[in-house]
Amino acid sequence: MASSPFIEYGQHPAAWVTSAIPAPLMRALEPRGGVPHAVRQEIERQLAEGVPASQLRERVERRWYERYAHVNGAELPMRADEIALALVAGSECPLGCEDGWLVADSRVCPWCRPNGTVVDNHPDDLTGGRRLPGPEQVARAEEVRALMRNSRRYRRPPG
């Protein structure tokens, strides 16, 4: 079955999504009768819920290369059914992200991939700490800007 990046006229969306299953996994599934019924049912369920076929297909490809492309040898045939279902399974995230990415907002999912920033609670009164006088603050800020301008990372290209 040849895989096409575009759904062909008259092709069922579920068949198009299924054609994105990578060849090594398909070879492992063939002795078991091909794509498991649970995988086909999951694809059909998600299509009925309004998940676009292109999103499912991208999910299959992304998850294969991110999670399962390294599985080979005797392990792949043993886990083939499990892997095939994991490639198409919907997100467990309460925000409905796509593998840690909120597609509609074009940003990282704060539930699945929190940024790890820790905010310490500070007392409201910060008068006890050392503070730079105004002119010294300005001078330090100018030093930082000068270093940034002169570094290779921030240097403008010639021309």
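The values are calculated or read from the model by the stated rules, or taken from the named source; none is laboratory data. Because the structure is a prediction, the values reported are computed rather than measured. Glycine also receives a Cβ, built like all others from the backbone with ideal geometry; neighbour counts cover every protein chain displayed. In case anyone asks, the SASA skips ligands and DNA or RNA and just uses the protein heavy atoms, side chains included. Shrake-Rupley method; radii C 1.70, N 1.55, O 1.52, S 1.80 Å.
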Exercise. Open to solvent by 60 Å² or more (accessible area, probe 1.4 Å), at pLDDT below 95 and within 23 Å of the chain's Cα centre (by Cα): does that describe R63?
Worked result: no
Problem set entry | Total residues in the stretch 10-39, condition surrounded by 14 or more Cβ atoms within 10 Å (Cβ to Cβ) and polar (S, T, N, Q) | 2
Exercise. Regarding S91, is this residue under 17 Å from the mean Cα position of the chain (by Cα), open to solvent by 30 Å² or more (accessible area, probe 1.4 Å) and modelled with pLDDT under 90?
Worked result: yes
Exercise. Which one of E142, E98 is outside any loop (DSSP other than H, G, I, E, B) and at pLDDT 85 or above?
Worked result: E142
Problem set entry | Of all residues in the stretch 108-137 being open to solvent by 80 Å² or more (accessible area, probe 1.4 Å) and of a type in the set (A, V, I, L, M, F, W, C), the one that is modelled with the highest pLDDT | W111
For this session: Look at E42 and say whether it is acidic (D, E) and open to solvent by less than 50 Å² (accessible area, probe 1.4 Å).
Result: yes
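Determine, yes or no, whether I7 is surrounded by 13 or more Cβ atoms within 10 Å (Cβ to Cβ), within 24 Å of the chain's Cα centre (by Cα), under 14 Å from I83 (Cβ atoms) and of a type in the set (A, V, I, L, M).
It is false that I7 is surrounded by 13 or more Cβ atoms within 10 Å (Cβ to Cβ), within 24 Å of the chain's Cα centre (by Cα), under 14 Å from I83 (Cβ atoms) and of a type in the set (A, V, I, L, M).
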